[in-house]
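This report refers to the structure that appears directly beneath it.
The values are calculated or read from the model by the stated rules, or taken from the named source; none is laboratory data. Every value quoted in this text rests on a predicted model; they were computed, and no experiment measured them. All Cβ positions, even for glycine, are placed from backbone atoms using ideal geometry, and neighbour counts span all protein chains on display. Surface areas here come from the heavy atoms of the whole protein model, side chains and all, with no ligands, DNA or RNA. Shrake-Rupley method; radii C 1.70, N 1.55, O 1.52, S 1.80 Å.
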Amino acid sequence: MNVERFLMNAKALLIVGHGSTVNPDSSAPTLAHAAEIRCRNVFTDVGCAFWKEEPSLRDALFLFDPQSVREVYVVPNFISEGYFTQTVIPRELELNGRITKRSNGQIWKYCEPVGNHPLMTDLLLRRAHDVAPDVDPAKTSLLIVAHGTDLNENSAAAAKREAEKIRARGKYAATLNVYMEEAPLVSDWKKLTQTTNVVVVPFFISDGLHSYEDIPALLGITQCHPERSAAKSKDPAKVPKDFSTGSLDFVRDDVKTAHGEVFRRNPHKIDNRSLFYAPSIGTDPGFADIIIEQVEKFDGEG
(Lines give C-alpha, C1' and ligand atoms only; values in the text may rest on other atoms or scores of the structure.)
Protein backbone atom coordinates (compact mmCIF):
# COMPACT_ATOMS: atom_id res chain seq x y z
CA MET A 1 0.00 0.00 0.00
CA ASN A 2 1.17 3.52 -0.81
CA VAL A 3 0.90 4.95 2.70
CA GLU A 4 1.32 8.59 1.63
CA ARG A 5 -1.40 8.23 -0.98
CA PHE A 6 -3.67 6.56 1.55
CA LEU A 7 -3.18 9.34 4.07
CA MET A 8 -3.96 12.03 1.46
CA ASN A 9 -7.10 10.20 0.41
CA ALA A 10 -8.17 9.80 4.02
CA LYS A 11 -8.68 13.56 4.42
CA ALA A 12 -11.92 15.40 3.80
CA LEU A 13 -12.80 19.09 3.66
CA LEU A 14 -15.90 20.72 5.10
CA ILE A 15 -16.58 24.31 4.02
CA VAL A 16 -18.99 26.08 6.34
CA GLY A 17 -21.14 28.99 5.15
CA HIS A 18 -23.89 31.08 6.68
CA GLY A 19 -26.59 30.49 4.08
CA SER A 20 -29.96 32.20 3.97
CA THR A 21 -33.63 31.27 4.00
CA VAL A 22 -34.54 34.21 1.76
CA ASN A 23 -31.54 34.64 -0.57
CA PRO A 24 -30.71 31.64 -2.78
CA ASP A 25 -27.48 33.33 -3.91
CA SER A 26 -26.08 33.29 -0.38
CA SER A 27 -24.75 29.73 -0.59
CA ALA A 28 -23.73 29.89 -4.26
CA PRO A 29 -20.08 30.97 -3.75
CA THR A 30 -19.48 28.33 -1.08
CA LEU A 31 -20.91 25.61 -3.33
CA ALA A 32 -18.87 26.88 -6.29
CA HIS A 33 -15.61 26.88 -4.32
CA ALA A 34 -16.36 23.35 -3.09
CA ALA A 35 -16.96 22.17 -6.67
CA GLU A 36 -13.66 23.68 -7.81
CA ILE A 37 -11.71 22.08 -4.97
CA ARG A 38 -13.46 18.76 -5.59
CA CYS A 39 -12.18 18.81 -9.18
CA ARG A 40 -8.60 19.18 -7.98
CA ASN A 41 -8.69 15.81 -6.15
CA VAL A 42 -6.86 17.21 -3.16
CA PHE A 43 -9.24 15.55 -0.68
CA THR A 44 -11.06 12.26 -0.69
CA ASP A 45 -14.29 14.17 -0.17
CA VAL A 46 -15.44 17.80 -0.08
CA GLY A 47 -18.69 18.86 1.57
CA CYS A 48 -20.55 22.00 2.56
CA ALA A 49 -22.75 22.84 5.52
CA PHE A 50 -24.71 25.96 6.43
CA TRP A 51 -26.25 27.65 9.43
CA LYS A 52 -29.40 28.71 7.56
CA GLU A 53 -29.61 26.15 4.75
CA GLU A 54 -29.32 22.44 4.05
CA PRO A 55 -27.22 20.51 4.71
CA SER A 56 -27.17 21.93 8.21
CA LEU A 57 -24.18 22.06 10.51
CA ARG A 58 -25.67 19.23 12.53
CA ASP A 59 -26.04 17.14 9.37
CA ALA A 60 -22.34 17.66 8.68
CA LEU A 61 -21.46 15.44 11.62
CA PHE A 62 -22.53 12.49 9.47
CA LEU A 63 -21.27 13.59 6.05
CA PHE A 64 -18.01 11.66 6.03
CA ASP A 65 -17.60 7.90 6.37
CA PRO A 66 -15.20 7.23 9.28
CA GLN A 67 -13.96 4.11 7.51
CA SER A 68 -12.62 6.04 4.52
CA VAL A 69 -12.09 9.49 6.04
CA ARG A 70 -9.68 9.73 8.95
CA GLU A 71 -9.40 13.53 9.16
CA VAL A 72 -11.87 16.33 8.43
CA TYR A 73 -10.68 19.90 7.94
CA VAL A 74 -13.31 22.54 8.71
CA VAL A 75 -12.84 25.92 6.99
CA PRO A 76 -15.38 28.70 7.76
CA ASN A 77 -16.22 30.66 4.63
CA PHE A 78 -16.57 33.88 6.62
CA ILE A 79 -14.93 37.28 6.23
CA SER A 80 -13.75 37.48 9.84
CA GLU A 81 -13.64 35.91 13.26
CA GLY A 82 -16.78 36.51 15.23
CA TYR A 83 -19.85 35.02 16.85
CA PHE A 84 -20.40 32.40 14.16
CA THR A 85 -16.80 31.22 13.90
CA GLN A 86 -16.14 31.33 17.63
CA THR A 87 -19.48 30.14 19.03
CA VAL A 88 -22.04 28.82 16.54
CA ILE A 89 -19.83 26.59 14.38
CA PRO A 90 -17.92 24.95 17.29
CA ARG A 91 -21.18 24.38 19.14
CA GLU A 92 -23.09 22.88 16.22
CA LEU A 93 -20.17 20.73 15.02
CA GLU A 94 -19.37 19.70 18.61
CA LEU A 95 -15.79 20.92 18.38
CA ASN A 96 -13.85 21.25 21.61
CA GLY A 97 -10.89 23.20 20.26
CA ARG A 98 -8.76 23.32 17.16
CA ILE A 99 -8.53 19.51 17.16
CA THR A 100 -11.42 17.24 18.10
CA LYS A 101 -11.33 13.45 18.18
CA ARG A 102 -14.68 11.78 17.59
CA SER A 103 -15.82 8.57 19.23
CA ASN A 104 -15.63 6.94 15.78
CA GLY A 105 -11.92 7.75 15.53
CA GLN A 106 -12.18 10.69 13.12
CA ILE A 107 -10.04 13.75 13.82
CA TRP A 108 -11.70 17.09 13.05
CA LYS A 109 -9.40 20.09 12.56
CA TYR A 110 -10.84 23.59 12.85
CA CYS A 111 -9.07 26.06 10.52
CA GLU A 112 -9.17 29.85 10.42
CA PRO A 113 -11.87 31.64 8.38
CA VAL A 114 -11.00 32.60 4.83
CA GLY A 115 -11.07 36.32 5.59
CA ASN A 116 -8.00 36.00 7.81
CA HIS A 117 -5.76 34.87 4.95
CA PRO A 118 -3.08 37.29 3.63
CA LEU A 119 -4.17 36.57 0.04
CA MET A 120 -7.38 38.51 0.72
CA THR A 121 -5.54 41.75 -0.03
CA ASP A 122 -4.44 40.52 -3.45
CA LEU A 123 -7.97 39.32 -4.26
CA LEU A 124 -9.39 42.74 -3.41
CA LEU A 125 -6.83 44.44 -5.64
CA ARG A 126 -7.53 42.01 -8.47
CA ARG A 127 -11.27 42.54 -8.21
CA ALA A 128 -10.80 46.31 -8.23
CA HIS A 129 -8.66 46.03 -11.36
CA ASP A 130 -11.06 43.64 -13.10
CA VAL A 131 -14.05 45.95 -12.64
CA ALA A 132 -12.11 49.01 -13.87
CA PRO A 133 -9.21 47.72 -15.98
CA ASP A 134 -8.64 50.88 -17.98
CA VAL A 135 -8.49 53.48 -15.21
CA ASP A 136 -5.29 54.79 -13.70
CA PRO A 137 -5.17 53.66 -10.02
CA ALA A 138 -3.11 56.73 -9.18
CA LYS A 139 -6.13 58.82 -10.18
CA THR A 140 -8.73 56.52 -8.59
CA SER A 141 -10.20 56.01 -5.12
CA LEU A 142 -10.91 52.49 -3.87
CA LEU A 143 -13.69 51.87 -1.34
CA ILE A 144 -13.90 48.61 0.62
CA VAL A 145 -17.50 48.37 1.90
CA ALA A 146 -18.49 46.36 4.98
CA HIS A 147 -21.70 46.31 6.99
CA GLY A 148 -20.64 48.09 10.16
CA THR A 149 -22.54 48.47 13.48
CA ASP A 150 -21.62 46.87 16.80
CA LEU A 151 -23.22 43.61 15.68
CA ASN A 152 -20.54 43.23 13.03
CA GLU A 153 -17.53 44.90 14.63
CA ASN A 154 -15.14 42.14 13.53
CA SER A 155 -16.08 42.46 9.87
CA ALA A 156 -15.70 46.23 10.20
CA ALA A 157 -12.22 45.71 11.64
CA ALA A 158 -11.37 43.31 8.82
CA ALA A 159 -12.35 45.89 6.21
CA LYS A 160 -10.23 48.49 7.99
CA ARG A 161 -7.28 46.08 8.10
CA GLU A 162 -7.51 45.37 4.36
CA ALA A 163 -7.84 49.05 3.50
CA GLU A 164 -4.73 49.82 5.54
CA LYS A 165 -2.76 47.07 3.79
CA ILE A 166 -3.79 48.30 0.35
CA ARG A 167 -3.12 51.90 1.33
CA ALA A 168 0.41 50.92 2.37
CA ARG A 169 1.12 49.73 -1.17
CA GLY A 170 0.43 53.20 -2.52
CA LYS A 171 -1.36 51.90 -5.59
CA TYR A 172 -4.53 54.01 -5.43
CA ALA A 173 -4.88 57.72 -4.89
CA ALA A 174 -6.97 56.86 -1.83
CA THR A 175 -8.16 53.64 -0.22
CA LEU A 176 -10.98 53.84 2.31
CA ASN A 177 -12.90 51.41 4.46
CA VAL A 178 -16.52 52.52 4.50
CA TYR A 179 -19.68 51.06 5.99
CA MET A 180 -23.40 50.77 5.45
CA GLU A 181 -24.42 51.63 9.01
CA GLU A 182 -21.55 53.44 10.70
CA ALA A 183 -19.10 56.21 9.84
CA PRO A 184 -17.45 56.63 7.47
CA LEU A 185 -20.64 55.89 5.52
CA VAL A 186 -20.56 54.58 1.98
CA SER A 187 -23.43 56.97 1.24
CA ASP A 188 -20.96 59.84 1.78
CA TRP A 189 -18.62 58.61 -0.96
CA LYS A 190 -18.83 61.86 -2.91
CA LYS A 191 -17.60 63.81 0.14
CA LEU A 192 -14.99 61.22 1.10
CA THR A 193 -13.32 61.00 -2.31
CA GLN A 194 -11.79 63.63 -4.57
CA THR A 195 -10.91 61.61 -7.66
CA THR A 196 -12.89 61.39 -10.88
CA ASN A 197 -12.85 57.58 -10.75
CA VAL A 198 -14.13 55.60 -7.76
CA VAL A 199 -14.05 51.80 -7.47
CA VAL A 200 -16.31 50.11 -4.90
CA VAL A 201 -15.80 46.50 -3.74
CA PRO A 202 -18.31 44.97 -1.26
CA PHE A 203 -16.47 43.07 1.46
CA PHE A 204 -19.03 40.27 1.70
CA ILE A 205 -18.92 36.51 1.15
CA SER A 206 -21.83 36.44 -1.28
CA ASP A 207 -24.01 38.68 -3.37
CA GLY A 208 -27.35 39.34 -1.73
CA LEU A 209 -29.66 42.17 -0.80
CA HIS A 210 -26.75 44.22 0.51
CA SER A 211 -24.72 44.08 -2.70
CA TYR A 212 -27.69 43.93 -5.11
CA GLU A 213 -29.84 46.65 -3.57
CA ASP A 214 -28.71 48.31 -0.35
CA ILE A 215 -25.21 49.44 -1.31
CA PRO A 216 -26.20 50.51 -4.85
CA ALA A 217 -29.03 52.58 -3.35
CA LEU A 218 -26.62 54.17 -0.85
CA LEU A 219 -24.25 54.94 -3.72
CA GLY A 220 -27.08 56.47 -5.72
CA ILE A 221 -26.72 54.16 -8.71
CA THR A 222 -30.00 52.24 -8.40
CA GLN A 223 -33.46 52.47 -6.94
CA CYS A 224 -35.94 49.75 -6.08
CA HIS A 225 -38.48 49.22 -8.86
CA PRO A 226 -42.00 48.13 -7.81
CA GLU A 227 -42.00 45.34 -10.40
CA ARG A 228 -38.74 43.93 -9.08
CA SER A 229 -39.99 44.13 -5.49
CA ALA A 230 -43.12 42.24 -6.48
CA ALA A 231 -41.09 39.56 -8.20
CA LYS A 232 -38.80 39.24 -5.22
CA SER A 233 -41.81 38.61 -3.02
CA LYS A 234 -42.48 35.49 -5.13
CA ASP A 235 -46.17 36.30 -5.05
CA PRO A 236 -47.47 35.75 -8.63
CA ALA A 237 -50.54 37.89 -7.89
CA LYS A 238 -48.28 40.92 -7.42
CA VAL A 239 -46.15 40.36 -10.51
CA PRO A 240 -47.26 42.26 -13.65
CA LYS A 241 -48.41 39.92 -16.41
CA ASP A 242 -45.81 41.18 -18.82
CA PHE A 243 -42.98 40.84 -16.30
CA SER A 244 -42.52 37.08 -16.52
CA THR A 245 -44.18 33.92 -17.75
CA GLY A 246 -45.92 33.39 -14.43
CA SER A 247 -43.64 30.56 -13.34
CA LEU A 248 -41.92 31.20 -10.03
CA ASP A 249 -38.69 29.84 -11.51
CA PHE A 250 -38.84 32.47 -14.24
CA VAL A 251 -39.64 35.13 -11.66
CA ARG A 252 -36.51 34.21 -9.73
CA ASP A 253 -34.47 34.26 -12.95
CA ASP A 254 -35.86 37.68 -13.84
CA VAL A 255 -34.96 39.05 -10.41
CA LYS A 256 -31.46 37.57 -10.53
CA THR A 257 -30.90 39.05 -13.99
CA ALA A 258 -32.12 42.44 -12.81
CA HIS A 259 -29.84 42.30 -9.79
CA GLY A 260 -26.84 41.38 -11.91
CA GLU A 261 -27.33 44.40 -14.12
CA VAL A 262 -25.91 46.69 -11.45
CA PHE A 263 -22.51 45.03 -11.94
CA ARG A 264 -22.67 45.23 -15.75
CA ARG A 265 -23.49 48.92 -16.13
CA ASN A 266 -20.02 50.16 -15.20
CA PRO A 267 -19.09 52.87 -15.08
CA HIS A 268 -22.03 54.59 -13.42
CA LYS A 269 -21.90 58.29 -14.25
CA ILE A 270 -22.75 60.58 -11.33
CA ASP A 271 -21.94 64.30 -11.18
CA ASN A 272 -19.28 64.00 -13.90
CA ARG A 273 -17.61 61.18 -11.99
CA SER A 274 -17.23 57.51 -12.91
CA LEU A 275 -18.20 54.96 -10.28
CA PHE A 276 -17.27 51.30 -10.84
CA TYR A 277 -19.19 48.76 -8.76
CA ALA A 278 -17.90 45.20 -8.27
CA PRO A 279 -19.59 41.99 -7.10
CA SER A 280 -18.87 40.88 -3.54
CA ILE A 281 -15.32 39.70 -2.96
CA GLY A 282 -16.46 36.24 -1.79
CA THR A 283 -17.60 35.36 -5.32
CA ASP A 284 -13.99 35.50 -6.55
CA PRO A 285 -12.79 32.04 -7.74
CA GLY A 286 -9.54 32.69 -5.88
CA PHE A 287 -11.34 31.78 -2.65
CA ALA A 288 -10.83 28.12 -3.57
CA ASP A 289 -7.07 28.66 -3.27
CA ILE A 290 -7.49 30.44 0.06
CA ILE A 291 -9.59 27.59 1.47
CA ILE A 292 -6.92 25.05 0.55
CA GLU A 293 -4.19 27.27 1.96
CA GLN A 294 -6.04 27.58 5.27
CA VAL A 295 -5.84 23.78 5.50
CA GLU A 296 -2.14 23.83 4.64
CA LYS A 297 -1.57 26.57 7.21
CA PHE A 298 -3.23 24.44 9.89
CA ASP A 299 -0.90 21.52 9.15
CA GLY A 300 2.09 23.85 8.87
CA GLU A 301 1.45 25.14 12.38
CA GLY A 302 1.45 21.60 13.69
Restricting the search to segment 88-104, which residues are under 14 Å from residue 17 (Cα atoms) and either modelled with pLDDT under 95 or of a type in the set (A, V, I, L, M, F, W, C) (or both)? 88, 89, 93
Among the residues of segment 57-87, which ones are touching a helix residue (DSSP H, G or I) at 6+ places or on another chain (Cβ under 8 Å) and either acidic (Asp, Glu) or farther than 20 Å from residue 295 by Cα (or both)? 58, 81
Kindly provide the set of residues from segment 115-147 that are among the polar types (S, T, N, Q) and modelled with pLDDT under 95, ordered by number. 116
Quick one: is residue 64 closer than 20 Å to residue 98 by Cβ and hydrophobic (A, V, I, L, M, F, W, C)? yes
Scan segment 264-280 for residues that are of a type in the set (A, V, I, L, M, F, W, C) and touching a helix residue (DSSP H, G or I) at 6+ places or on another chain (Cβ under 6 Å) and report the count. 2
Residue by residue through segment 63-89, note down the ones that are over 23 Å from residue 37 (Cα atoms), of a type outside the set (A, V, I, L, M, F, W, C) and more than 17 Å from the chain's Cα centre (by Cα). 86, 87
Under the condition of being under 21 Å from the mean Cα position of the chain (by Cα) and of a type in the set (S, T, N, Q), which residue from segment 175-221 is nearest to residue 31 (Cα to Cα)? 206
So which residues in segment 102-142 are among the polar types (S, T, N, Q) and not in a helix (DSSP H, G or I)? 103, 104, 106, 140, 141
Restricted to segment 114-142, and to residues that are of a type outside the set (A, V, I, L, M) and open to solvent by less than 50 Å² (accessible area, probe 1.4 Å), which residue is nearest to residue 162 (Cα to Cα)? 121
For segment 59-98, the count of residues that are assigned to a loop (DSSP other than H, G, I, E, B) and of a type in the set (S, T, N, Q) equals 5
Residues located in segment 143-185, provided they are among the aliphatic types (A, V, I, L, M), in a loop (DSSP other than H, G, I, E, B) and out of contact with any Asp or Glu (no Cβ under 8 Å at 6 or more places or on another chain): 173, 183
Which of the numbered conditions does residue 40 fail, given that it passes all the others? Conditions: (1) under 18 Å from the mean Cα position of the chain (by Cα); (2) at pLDDT 95 or above; (3) not hydrophobic (A, V, I, L, M, F, W, C). (1)
Within segment 158-175, which residues are open to solvent by less than 50 Å² (accessible area, probe 1.4 Å) and either without any contact (Cβ under 8 Å) to a residue 24 or more places away in the chain or in contact with a Ser or Thr (Cβ under 7 Å, 6 or more places away or on another chain) (or both)? 158, 162, 163, 166, 172, 174
Filter segment 71-113 down to residues that are in contact with a strand residue (DSSP E or B) (Cβ under 7 Å, 6 or more places away or on another chain) and without any contact (Cβ under 8 Å) to a residue 12 or more places away in the chain and give me whichever is surrounded by the fewest Cβ atoms within 10 Å (Cβ to Cβ). 101
